[in-house]
């Protein structure tokens, strides 16, 4: 930490950064934050208290932009994570063009656009994918850092910025000027760049139903949790019903929002706004109404295992309790329920008694954690059809439940469909990157299929995750095996694939 900055002032500065920009800095980065604070004080010639009061209580637009230059990361490149752009071209744009509207305009937003590579990639994709001249594509790009916006407006890039761009695209849309590549004028003109603060409740930027798709990638991972939820709430308000949201590969809406369906195609994940609920940003512990949603909980484009969920809908509906009428007398609040006896019985492999305890609880059929425990016990006891039904009931409440998808993977494997099993495992691993069991299961599935490269990759990741996996989750999903036994299974499987862990 910078020796000139008092710790109370630095804590105020850190809190103001969260409030005004959304960015969160942990204790390990306080030294860097202190250096930035001191530089701003020296540049402006102000006392700590005067500077902080201005940052906390005044508009401070110019200072926020200056801080953005100091604190935000601007490095990116064209067609980064190109599978998302393929999903945009082959899924999102065609779906949005099937919606009857006048005028025929598709509106896209690059939120946190940095130096423009993402926004211009959107423009190139739109030019190539939207061939119907009756359609217009409008692309808006916003960032808080004025320096990167100036670079974006110039539309001149080094070859390194096009390292993932195909030679054909480079020849078609860029011209060489010395050591730089200059974007073609019509693509450049297709994007409007603006200064915008994602942490600010800007009514113009976040106008209701303003966008068909939003790319907000590798931005929210730097935000404080409360600011992340606020941004997602604004995004859900500003997307049209059925609009799409693309996040970075390390970002998920699990535990953040219930306003979206998860989509999966082109080996990537993205989100579709639910038609019936455009601005529901969930607080932890809240759940959606207990009714079957209009869409399928997860909708990968190939429809493979979605068909299995759709076929089970009637069976699930029969299990879901009928909603209480609005004028019915209020029920007393449920008594607290203690899962500890059921977990102890699970530990001793007394599954029937554990199930009896779960089903006798007041939260049965309502609480996601109770449903997950019930599904786990059913799977342990070999009642896989019932386990699948319970997982589907859980997904009606919490579509982004990683544990439910892992259990469905086990059910699908038991029924002989390894492809669908792998799909559920991939969903679980995406929703919770720290979850070891879907990685282990994917590795075992790949080994059995003879795909040694995939098996080595998944098993190696599983081995790392198992070392720090939560003990209670190992009890729930470990199939009766402890940490050491599961790690030994990983190691022996890796040896079979020619790897010495």
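Count, please, the residues in segment 20-39 that happen to be in contact with a helix residue (DSSP H, G or I) (Cβ under 7 Å, 6 or more places away or on another chain) and part of a helix (DSSP H, G or I).
Residues flagged as in contact with a helix residue (DSSP H, G or I) (Cβ under 7 Å, 6 or more places away or on another chain) and part of a helix (DSSP H, G or I) within segment 20-39 amount to 6.
Given 193, 215, 174, which one is in contact (Cβ under 8 Å) with a residue 24 or more places away in the chain, touching a strand residue (DSSP E or B) at 6+ places or on another chain (Cβ under 6 Å), farther than 30 Å from residue 27 by Cα and in the same structural domain as residue 127 (by TED's automatic domain parsing)?
From the options 193, 215, 174, the qualifying one is 193.
Checking the condition over 18 Å from residue 146 (Cβ atoms) and outside the structural domain of residue 152 (by TED's automatic domain parsing), which residue from 33, 106, 44 passes?
33
Among the residues of segment 177-187, which ones are in contact (Cβ under 8 Å) with a residue 40 or more places away in the chain and either crowded, with 18+ Cβ neighbours inside 10 Å or closer than 22 Å to residue 95 by Cα (or both)?
Just the residues of segment 177-187 that are in contact (Cβ under 8 Å) with a residue 40 or more places away in the chain, to begin with: 183, 186-187.
Scanning segment 177-187 gives 183, 187.
Quick check on residue 84: is it assigned to a loop (DSSP other than H, G, I, E, B) and either closer than 30 Å to residue 241 by Cβ or touching a strand residue (DSSP E or B) at 6+ places or on another chain (Cβ under 7 Å) (or both)?
The answer is no for residue 84.
When you check residue 129 against the structure, is it more than 20 Å from residue 206 (Cα to Cα) and either touching a strand residue (DSSP E or B) at 6+ places or on another chain (Cβ under 6 Å) or surrounded by fewer than 20 Cβ atoms within 10 Å (Cβ to Cβ) (or both), yes or no?
yes
Give 379, 409 a once-over and let me know the one that is in a helix (DSSP H, G or I), modelled with pLDDT of 95 or more and under 23 Å from residue 489 (Cα atoms).
Testing whether each residue is in a helix (DSSP H, G or I), modelled with pLDDT of 95 or more and under 23 Å from residue 489 (Cα atoms) leaves just 409.
Sort out which residues of segment 17-42 are surrounded by fewer than 16 Cβ atoms within 10 Å (Cβ to Cβ), in contact (Cβ under 8 Å) with a residue 12 or more places away in the chain and over 20 Å from residue 197 (Cβ atoms), and write them in order of number.
Within segment 17-42, the first condition is being surrounded by fewer than 16 Cβ atoms within 10 Å (Cβ to Cβ), and the residues that meet it are 19, 26-29, 31-32, 35, 39, 42.
If we keep only those that are in contact (Cβ under 8 Å) with a residue 12 or more places away in the chain as well, we get 19, 31, 35, 39.
Once the filter is applied, which keeps residues that are surrounded by fewer than 16 Cβ atoms within 10 Å (Cβ to Cβ), in contact (Cβ under 8 Å) with a residue 12 or more places away in the chain and over 20 Å from residue 197 (Cβ atoms), segment 17-42 yields 31, 35, 39.
Which condition breaks for residue 113 when tested against (1) over 23 Å from residue 246 (Cβ atoms); (2) touching a helix residue (DSSP H, G or I) at 6+ places or on another chain (Cβ under 7 Å); (3) assigned by TED's automatic domain parsing to the domain that holds residue 214?
(1)
State yes or no: is residue 423 in contact (Cβ under 8 Å) with a residue 40 or more places away in the chain, crowded, with 18+ Cβ neighbours inside 10 Å and not in a helix (DSSP H, G or I)?
Spelling it out, it is not the case that residue 423 is in contact (Cβ under 8 Å) with a residue 40 or more places away in the chain, crowded, with 18+ Cβ neighbours inside 10 Å and not in a helix (DSSP H, G or I).
From (1) surrounded by 14 or more Cβ atoms within 10 Å (Cβ to Cβ); (2) out of contact with any strand residue (DSSP E or B) (no Cβ under 7 Å at 6 or more places or on another chain), pick out the condition that doesn't hold for residue 430.
Unmet condition: (2).
Given the conditions (1) free of Cβ contacts under 8 Å to residues at least 12 places away in the same chain; (2) surrounded by 13 or more Cβ atoms within 10 Å (Cβ to Cβ), which single one is not true for residue 14?
(1)
Looking at (1) on the phi > 0 side of the Ramachandran plot; (2) surrounded by 15 or more Cβ atoms within 10 Å (Cβ to Cβ), find the lone condition where residue 140 falls short.
(1)
Only strands (runs of 3 or more DSSP E) wholly contained in segment 178-285 count here; list those with 3 or more residues that are within 13 Å of the chain's Cα centre (by Cα) and under 30 Å from residue 159 (Cα atoms).
Passing ranges, in order: 268-273.
Output the helices (runs of 4 or more DSSP H) that fall wholly within segment 434-501 and possess 2 or more residues being exposed (fewer than 13 other Cβ atoms within 10 Å of the Cβ), or say none.
452-468, 471-477, 483-496
When both residues are 6+ apart or on different chains and their Cβ atoms are under 7 Å apart, which pairs have a first residue that lies in segment 458-482 and is farther than 11 Å from residue 440 by Cα, and a second that is not in a helix (DSSP H, G or I)?
Pairs that qualify, where the first residue is farther than 11 Å from residue 440 by Cα and the partner is not in a helix (DSSP H, G or I), are 474/482; 480/349.
Can we say residue 354 is surrounded by 15 or more Cβ atoms within 10 Å (Cβ to Cβ), part of a helix (DSSP H, G or I) and without any contact (Cβ under 8 Å) to a residue 12 or more places away in the chain?
So residue 354 fails the test.
If you go through segment 87-124, how many residues are under 19 Å from the mean Cα position of the chain (by Cα) and outside any loop (DSSP other than H, G, I, E, B)?
Final tally of qualifying residues: 9.
The values are calculated or read from the model by the stated rules, or taken from the named source; none is laboratory data. Quick caveat: nothing in here was measured; it's all calculated off a predicted structure. For neighbour counting, all protein chains shown are included, and Cβ atoms are generated from backbone atoms with ideal geometry for every residue, glycine included.
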